[in-house]
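Written out below as structure tokens is the structure these notes cover.
Since every read-out is calculated from the coordinates, none of them should be taken as a lab result. In this text the structure is predicted, and so the values were computed from the model without any measurement. As a convention, Cβ positions derive from the backbone with ideal geometry for all residues, glycine included, and neighbour counts pool all protein chains shown.
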Amino acid sequence: MIFILLIRPLSQILPEFKILRTITSARRELGILCASLILGHTVGYYVKTKQFPHDLIFSPDFWQLDNFLVWGVLGSILSILLLITSNNIAVKILKGYWKKIQLSAYLLLLLSAIHIFLQKRFSVENFFESFGFVLLIIIIWFMAKKKIKFHILKPFYKN
């Protein structure tokens with residue numbers, strides 16, 4: 001998911017790497033794959049633990065903010081929304097709202113980071129492990145918005 005969210009800004013920051021532009025055109029397909037893996041993870045968890053979402057979700061104890069499953073369920077619901085709207089029919093029907101819905105993938109990244117963080121013991125290392133990628137994406141998006149470019153291969157070009 002992190003890679004999918006970074007493809008476009010990285011292609012702007014690193015214009016010499018043409019492969020990034022090529023991969024940018026496959027973001028929808030990669031997003032569908034990512035959402036499918038998230039849903040597979042969710043179903044696999046419930047099958048493995050023999051718990052069913054409706055048993056958990058309707059329990060008041062479930063909705064405690066320190067419960068990692070809450071964040072996972074919210075992420076799964078958002079993944080379903082993104083998956084359902086990842087097609088040309090949805091683009092035509094939703095028009096301008098389609099892009100706003102697809103931008104919620106960044107919210108999905110945050111939900112995933114919280115989900116992962118709460119599974120582990122609270123520590124500074126776990127915080128940076130979980131939220132470091134969120135910070136990385138923010139920095140790279142900021143650089144892309146400011147049109148900062150790195151010409152890594154430029155020293156190797158002959159004038």
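Across the range 74-90, what is the total count of residues that are over 21 Å from GLU29 (Cβ atoms) and either free of Cβ contacts under 8 Å to residues at least 12 places away in the same chain or crowded, with 19+ Cβ neighbours inside 10 Å (or both)?
The qualifying residues number 1.
Please verify whether the range 47-60 includes one or more residues that are closer than 19 Å to ARG27 by Cβ, surrounded by 11 or more Cβ atoms within 10 Å (Cβ to Cβ), out of contact with any Phe, Trp or Tyr (no Cβ under 6 Å at 6 or more places or on another chain) and not β-branched (Val, Ile, Thr).
no
Show me the helices (runs of 4 or more DSSP H) entirely contained within the range 1-69 in which 2 or more residues are within 30 Å of VAL91 (Cβ to Cβ) and basic (Lys, Arg).
Qualifying helices (runs of 4 or more DSSP H): 18-24, 27-49.
Could you go through the range 91-99 and let me know if any residue there is under 13 Å from the mean Cα position of the chain (by Cα) and without any contact (Cβ under 8 Å) to a residue 24 or more places away in the chain.
No, the range 91-99 contains no residue that is under 13 Å from the mean Cα position of the chain (by Cα) and without any contact (Cβ under 8 Å) to a residue 24 or more places away in the chain.
Taking the range 55-84 as the region of interest, how many residues are within 15 Å of the chain's Cα centre (by Cα) and farther than 17 Å from THR42 by Cα?
So the answer is 0.
Within the range 111-127, identify whether any single residue is of a type in the set (Ser, Thr, Tyr), closer than 24 Å to LEU6 by Cβ and in a loop (DSSP other than H, G, I, E, B), and answer yes or no.
Checked against the condition, which is being of a type in the set (Ser, Thr, Tyr), closer than 24 Å to LEU6 by Cβ and in a loop (DSSP other than H, G, I, E, B), the range 111-127 yields no hits at all.
If I ask for residues that are out of contact with any Lys or Arg (no Cβ under 9 Å at 6 or more places or on another chain) and of a type in the set (Asp, Glu), which ones from the range 87-132 would you list?
GLU125
Within the range 118-136, restricting attention to residues that are in contact (Cβ under 8 Å) with a residue 40 or more places away in the chain and surrounded by 14 or more Cβ atoms within 10 Å (Cβ to Cβ), which residue is nearest to the chain's Cα centre (by Cα)?
PHE133
Against the condition within 14 Å of the chain's Cα centre (by Cα) and either assigned to a helix (DSSP H, G or I) or not charged (D, E, K, R) (or both), how does ILE140 come out, does it pass?
For ILE140, the condition - within 14 Å of the chain's Cα centre (by Cα) and either assigned to a helix (DSSP H, G or I) or not charged (D, E, K, R) (or both) - is not met.
Where residues in the range 85-106 are of a type outside the set (Ser, Thr, Tyr) and part of a loop (DSSP other than H, G, I, E, B), which of them is nearest to THR42 (Cα to Cα)?
By that ranking, first place goes to ASN87.
Against the definition (under 17 Å from the mean Cα position of the chain (by Cα), surrounded by 11 or more Cβ atoms within 10 Å (Cβ to Cβ), within 19 Å of ILE116 (Cβ to Cβ) and of a type outside the set (S, T, N, Q)), how does ILE7 come out, yes or no?
The answer is no for ILE7.
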